[in-house]
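Chemist: Okay, here's the structure, questions in a sec.
The values are calculated or read from the model by the stated rules, or taken from the named source; none is laboratory data. Since the model is a prediction, treat every value here as computed from it, not as a measurement. Positions of Cβ are generated from backbone atoms using ideal geometry, with glycine treated the same way; all protein chains shown enter the neighbour counts. When the accessible area is computed, the model is the full protein with side chains, heavy atoms only, and any ligands, DNA or RNA have been set aside. Shrake-Rupley method; radii C 1.70, N 1.55, O 1.52, S 1.80 Å.
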Amino acid sequence: MNTPENLKYIHSQLPETVKLVAVSKTKSIHEIMEAYQAGQRLFGENKVQELTAKWQELPKDIEWHFIGHLQSNKVKQIVPFISLIHGVDSFKLLSAINREAEKFNRIVPILLEFRVADEESKFGLSIQDAEELLSGPDIAAMNNISIRGVMGMATFTNDAKKIESDFKELHTIFCVLRDKYFINKDQFCEISMGMSDDYQIAISEGSTIVRIGSKIFGTRINV
Ligand SMILES: *Cc1c(COP(=O)(O)O)cnc(C)c1O
């Protein structure tokens with residue numbers, strides 16, 4: 001795999017407004033540094049331990065996004081340095097992030113994760129869950145989180161029409177929530193969708209952040 005070439009190609013396909021998270025899970029410090037030297041500064045990881053180890057070792061101007069399923073008891077390890085937590089799908093997790101962020105005197109940006117794929121096992125909120133969460137009294141008191149938008153994954157399929165409709169659904173959820181709960185709040189502006197095999201579709205459906213691993217670093221052996 002030629003990481004600098006891959007990055008160049010992907011960037012050439014992305015509109016300037018779309019951010020590229022280079023998903024570096026399972027990849028070595030050396031492999032990440034290759035991307036860094038090619039100019040990439042935004043990386044994504046899905047395991048707390050792996051992320052914190054890499055954060056400690058790598059240059060401090062890297063912006064780290066957490067893209068995995070985060071357990072409440074591990075929040076404190078990433079809160080000091082994380083730029084965006086993508087997969088927030090419960091009140092419990094939101095309040096844990098808020099609590100830890102307060103200790104570090106930070107406002108931590110997060111995305112709400114939605115279940116738009118057909119697979120049962122995927123994490124994520126339904127629109128009803130989100131409305132319940134956003135209209136409750138507790139959320140207004142959470143001063144140390146900033147809800148920046150939504151995140152989701154399409155069904156694992158070759159059917160481009162199905163993937164398109166999953167992404168359309170996520171975009172609709174974004175618009176509904178924005179118009180109802182984030183009027184005049186410009187920070188609610190991100191739609192994180194699109195991976196190596198479906199990022200072109202995601203971009204046509206309004207993605208603002210794509211999360212790409214294997215098309216940059218090569219296929220992963222595990223996970
Ligand atoms: C691994 C992962 C990606 C990147 O997957 P690729 O298919 O390698 O691009 C994107 N998003 C999430 C949530 C992931 O876990």
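Chemist: Counting pairs of alpha carbon atoms under 8 Å apart in space and at least six apart in sequence, what relative contact order in percent does the chain give?
Modeler: After rounding, I find 21 percent.
Chemist: Continuing with the same structure: Note down the magnitude of the dipole of segment 1-105 about its Cα centre, charges +1 on Lys and Arg C-beta and -1 on Asp and Glu C-beta and zero elsewhere, to the nearest 20 debye.
Modeler: For this selection, approximately 340 debye.
Chemist: Express the C-alpha Rg of segment 20-165 as a ratio against the empirical globular expectation 2.2 N^0.38 Å, rounded to two decimals. Don't jump to the answer; show the numbers that get you there.
Modeler: On the way: Rg = 16.1 Å, N = 146, 2.2 N^0.38 = 14.6 Å.
Expressed relative to 2.2 N^0.38 Å, the Cα Rg reads 1.10.
Chemist: Tell me, what HN-Hα J-couplings in whole Hz come from the Karplus equation 6.51 cos²θ - 1.76 cosθ + 1.60 at θ = phi - 60° for each residue of segment 71-86, using x for Gly and Pro?
Modeler: Along segment 71-86, the couplings run 8, 3, 6, 9, 4, 4, 6, 9, 4, x, 10, 6, 8, 7, 9, 6 Hz.
Chemist: Sequence neighbours fewer than 8 away in the same chain don't count; with that in mind, list the lysines whose C-alpha is under 19 Å from Lys25.
Modeler: By straight Cα distance, Lys25 reaches Lys47, Lys54, Lys60, Lys74, Lys122, Lys215.
Chemist: State in Å² the accessible area per residue of the chain; use a 1.4 Å probe, count heavy atoms of protein chains only, and round to the nearest integer.
Modeler: 50 Å²
Chemist: Which one, Leu94, Met195, Ile107, projects farthest toward the positive side of the charge dipole computed for the chain from Cβ point charges (K/R +1, D/E -1)?
Modeler: Ile107
Chemist: From the phi angles alone, apply the Karplus equation (6.51, -1.76, 1.60; θ = phi - 60°) to segment 44-56 and give each ³J(HN,Hα) in whole Hz, x where the residue is Gly or Pro.
Modeler: x, 9, 10, 10, 4, 5, 5, 4, 5, 4, 5, 4, 5
Chemist: Give me the distance between the Cα centres of segment 28-92 and segment 171-223, rounded to whole Å.
Modeler: Answer, in whole Å: 17.
Chemist: Once phi is turned into θ = phi - 60°, what whole-Hz ³J(HN,Hα) does the Karplus curve with 6.51, -1.76 and 1.60 give for every residue of segment 171-188, x standing for Gly and Pro?
Modeler: 5, 5, 4, 4, 5, 4, 5, 4, 6, 9, 10, 10, 4, 6, 10, 5, 5, 7
Chemist: Just in segment 92-157: which chymotrypsin sites (Phe, Trp or Tyr not before Pro) are loop by DSSP and have at most 16 other Cβ atoms within 10 Å?
Modeler: Answer by residue number: Phe104, Phe123, Phe156.
Chemist: Rounded to the nearest percent, how much of the accessible area of the chain (1.4 Å probe, protein heavy atoms only) is carbon and sulfur?
Modeler: Looking at the chain in its full context, I get 50 percent from C and S.
Chemist: Here's another thing I want to ask about it. Using a 1.4 angstrom probe with every protein chain in place, what is the largest-first accessible-area order of Thr219, Thr3? If you can, show how the numbers build up before the last one.
Modeler: Numbers: Thr219 115, Thr3 5 Å².
If we order Thr219, Thr3 from most to least accessible, we get Thr219, Thr3.
Chemist: Turning to a different aspect of this structure: Within segment 150-203, which trypsin sites (Lys or Arg not before Pro) sit in a loop by DSSP and count at most 12 neighbouring Cβ atoms inside 10 Å?
Modeler: Passing both the DSSP loop test and the Cβ count: Lys185.
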